[in-house]
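Worksheet: one structure, shown below.
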Amino acid sequence: NVPEDQADKLLLASWGLPKAVLDKYHSLGVVQMFEWQAECLMLGQVLEGKNLVYSAPTSAGKTLVAELLILKRVLETRKKALLILPFVSVAKEKKCYLQ
């Protein structure tokens, strides 16, 4: 569980993302994440580029965790990222969305 003193970490706005990114998420109705998603982002040195392996049911929100990790790393390090997705339809959707 997310410690009570870090409950603000559930809000996307607390992760230092640019306004344009936050606006896009907000337009889709995503203002905050689930506790397990925030826990993933706060584990060890994940935000510094260390590996993360997590599992959740279909449509639980795994992609949001991956997107936030990628966005933060790309914006902070100015390096490229590779996102591998399981289906062509999902890849096309994310391509349009992330552009």
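Of all residues in the range 37-63, how many are touching a residue at least 24 places away in the same chain (Cβ under 8 Å) and within 19 Å of Gln6 (Cα to Cα)?
Counting residues in the range 37-63 that are touching a residue at least 24 places away in the same chain (Cβ under 8 Å) and within 19 Å of Gln6 (Cα to Cα) gives 7.
Given the residues Lys19, Lys62, Lys92, Lys72, which is the only one that is touching a helix residue (DSSP H, G or I) at 6+ places or on another chain (Cβ under 7 Å) and among the basic types (Lys, Arg)?
Among Lys19, Lys62, Lys92, Lys72, only Lys72 is touching a helix residue (DSSP H, G or I) at 6+ places or on another chain (Cβ under 7 Å) and among the basic types (Lys, Arg).
Are any residues in the range 1-38 of a type in the set (Val, Ile, Thr) and over 21 Å from Tyr97 (Cα atoms), and if so, which ones?
Scanning the range 1-38 gives a single hit, Val2.
Just one of (1) more than 19 Å from Ala13 (Cα to Cα); (2) touching a strand residue (DSSP E or B) at 6+ places or on another chain (Cβ under 9 Å); (3) of a type in the set (Val, Ile, Thr) trips up Val53, so point out which.
Evaluating Val53 over (1) more than 19 Å from Ala13 (Cα to Cα); (2) touching a strand residue (DSSP E or B) at 6+ places or on another chain (Cβ under 9 Å); (3) of a type in the set (Val, Ile, Thr) leaves (2) as the failure.
All of the numbers you see were taken from the coordinates with simple rules; none came from a lab. Everything quoted here is computed from the prediction, not taken from an experiment. For neighbour counting, all protein chains shown are included, and Cβ atoms are generated from backbone atoms with ideal geometry for every residue, glycine included.
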